[in-house]
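Below is one structure, written out as structure tokens, with a few remarks after it.
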Amino acid sequence: MAIAGLYGRGIRRLPVELFTRTLALLEVQTLLTAARVCHEWRIIALDDPNFWRIIRIDNTSPRTLALADLQLRCSRARAVDLYIDYRQQDDLVESRVVPFISKALSTCRWLQVKLESLYRLQVEKALSSPAPFLETFSLLYAAEPLPDLHLRLPLSSELFAGTAPKLRSIRLHSIILPMKPIAAFLNAQEVFWVHAASTYQEEFPCYLFEFFPKLKRLRMSGGECYFRNAPLPTTVLQAFSRLEYFDLEFKEVAVPLFFRHLPIHDLPDVLVASPDEDAIYLTLDPLRSPFELSIYDFEPGTEFFISIKCGQSNRTRYFAERYAYYVTGSKNASALFENNEIAAQLASFRIQASLWSMLNPWLFSLLGLPILIVELDRWSPDAVALPVEPLACPNITTLVLQSKWDFVSVNAGDLLEFVDRITLKHVALHLRGVVIRGDTASIAARFDSIEHLDLLPAVALK
């Protein structure tokens, strides 16, 4: 009791703003612990957005459901993000989880629902009320171990009672759309149209542009699509040509058909997942050199992106590659890395340091590269390590070290060894959010010039 009293007296003497800012650094479970210290802490902790803004339900344990209820109460009708991913058959889904969706819907900003398909009718009933704050909606019905009758039923046309004025992004997994457009979907600008890799589609789904007339970003994933309805209507081709971004993930046999029957080359940004050699060159066809090439993580440990930008036309093409393709002995590495002609036309090459070691054995020759950009994407309070594998870039004029974070530091000695493994020339060094520790005089002697391109109060070394 004496300790509790001491806590209370100490807390009351400190500004509420100080505790509010401090507790804002904590996560949900830590905020719960803080809320038990005293009444003042409880008020601040449970009112912090870090506690109530993101609600997750991935099981039906009493603790999970009680926490979700508490978070929703503490949100006090403020916008929340609700993530539900529980794909088991469980009586509590119908009695607790689905009613929770109904209760939270009016304040949801982001809503993800991934549940067993057995409950789809109850789910869609819960989703039949207005969603005035909803911006992003994702829906998946699981049917394991085999698909069942529920997945053959179309989605309800009465979703959100036709009222979701802020809804702009929709992700539908193996969902069949109804006969008429869903009023709540009409303002969507981004759609993920996702189907299993085993899916066989005779025709291209032209109706997507009727259901989503304001579409700007379309992501399609599936197995095979044979365009039996080609040539496609002019209205569909015109709607497709208005896209700003198109993401394609289909089997290799289907990809050329998309390029044959759709005006993909006219789009500013296009991504193709795990492309074979033919798909790579189909995708790159409208680009003209010089190119800006970047390689960066998308899902660490799982997938990374290769992007090629054409400065003349402002078009960018992306390729999604899996980590599994870049292990010793793999024959699935991108054919792009075998094309030295493209490498010779690069104006710049950017690569994240975390990918350097994995990709080094596969990278093409960079003998003519003028600008190398290395992004330091691993943060550390100490100096971060630079790649140790050599990559010959004998003709670069500029080396750029940039941080993915606000700033990182590197050791001067490590930097000297790194640049020596790349080129023997004296080149310009550009630092973007990177601080050098140690002997800066030796760094100044190794480079032609050093420029700090960041917000830190640093002075360029002479």
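The values are calculated or read from the model by the stated rules, or taken from the named source; none is laboratory data. All values reported here derive from a predicted model rather than from experimental measurement. Positions of Cβ are backbone-derived with ideal geometry, glycine not excepted, and every protein chain shown enters the neighbour counts.
Points worth noting:
- The numbered conditions (1) part of a helix (DSSP H, G or I); (2) in contact with a helix residue (DSSP H, G or I) (Cβ under 7 Å, 6 or more places away or on another chain) are all true for LEU82 except (1).
- Matching entry among LEU366, LEU359 (being closer than 26 Å to TRP405 by Cα, touching a strand residue (DSSP E or B) at 6+ places or on another chain (Cβ under 8 Å) and hydrophobic (A, V, I, L, M, F, W, C)): LEU359
- Evaluating THR328 against the criteria (1) surrounded by 14 or more Cβ atoms within 10 Å (Cβ to Cβ); (2) out of contact with any Ser or Thr (no Cβ under 7 Å at 6 or more places or on another chain) leaves one unmet condition, (1).
- Of the residues in segment 278-288, not one is of a type outside the set (S, T, N, Q) and assigned to a strand (DSSP E or B).
- Every condition in (1) modelled with pLDDT of 95 or more; (2) buried (at least 16 other Cβ atoms within 10 Å of the Cβ) holds for GLN201 except the one numbered (1).
- Out of PHE133, PHE137, one residue alone is under 21 Å from ARG168 (Cα atoms), in contact (Cβ under 8 Å) with a residue 12 or more places away in the chain and touching a Lys or Arg at 6+ places or on another chain (Cβ under 6 Å). It is PHE133.
- When the criteria are applied in full, ARG322 meets the requirement of being within 24 Å of LYS251 (Cα to Cα), surrounded by fewer than 16 Cβ atoms within 10 Å (Cβ to Cβ) and charged (D, E, K, R).
- Count - residues of segment 336-359 that are among the aromatic types (Phe, Trp, Tyr) and either part of a loop (DSSP other than H, G, I, E, B) or in contact (Cβ under 8 Å) with a residue 40 or more places away in the chain (or both): 1
- Test: residue in segment 313-322 that is in contact with a strand residue (DSSP E or B) (Cβ under 9 Å, 6 or more places away or on another chain) and without any contact (Cβ under 8 Å) to a residue 40 or more places away in the chain: no
- Hits in segment 65-79 (condition: surrounded by fewer than 16 Cβ atoms within 10 Å (Cβ to Cβ) and not in a loop (DSSP other than H, G, I, E, B)): ALA66, ASP69, ARG73
- The condition of being at pLDDT 95 or above and either surrounded by fewer than 16 Cβ atoms within 10 Å (Cβ to Cβ) or in contact with a helix residue (DSSP H, G or I) (Cβ under 8 Å, 6 or more places away or on another chain) (or both) holds for only one of SER128, SER138, that being SER128.
- For the residues PHE258, PHE250, PHE291, the requirement of being under 26 Å from the mean Cα position of the chain (by Cα), of a type in the set (Phe, Trp, Tyr) and over 30 Å from ALA344 (Cβ atoms) singles out PHE250.
- Count - residues of segment 289-312 that are assigned to a strand (DSSP E or B), in contact (Cβ under 8 Å) with a residue 24 or more places away in the chain and closer than 17 Å to PHE364 by Cα: 9
- Yes/no for ALA333 being in a loop (DSSP other than H, G, I, E, B) and either in contact with a helix residue (DSSP H, G or I) (Cβ under 7 Å, 6 or more places away or on another chain) or without any contact (Cβ under 8 Å) to a residue 12 or more places away in the chain (or both): yes
- Every pair of residues 6+ apart whose Cβ atoms lie under 6 Å, when the first sits in segment 264-280 and is within 16 Å of TYR325 (Cβ to Cβ) while the second is assigned to a helix (DSSP H, G or I) and among the aliphatic types (A, V, I, L, M): VAL272/ALA279; GLU277/ALA335; ALA279/VAL255; ILE280/ALA335; ILE280/LEU336
- Strands (runs of 3 or more DSSP E) contained in segment 85-202 and holding at least 3 residues within 30 Å of VAL253 (Cβ to Cβ): 136-142, 169-173, 190-194
- Just one of (1) more than 26 Å from THR302 (Cβ to Cβ); (2) of a type in the set (A, V, I, L, M); (3) in contact with a helix residue (DSSP H, G or I) (Cβ under 9 Å, 6 or more places away or on another chain); (4) surrounded by fewer than 18 Cβ atoms within 10 Å (Cβ to Cβ) fails for ALA344. It is (3).
- Filtered by the rule that a residue be exposed (fewer than 15 other Cβ atoms within 10 Å of the Cβ) and part of a helix (DSSP H, G or I), segment 211-261 gives THR234, THR235, GLN238, SER241, PRO256, ARG260.
- Residues in segment 281-299 that are out of contact with any helix residue (DSSP H, G or I) (no Cβ under 7 Å at 6 or more places or on another chain) and acidic (Asp, Glu): GLU292, GLU299.
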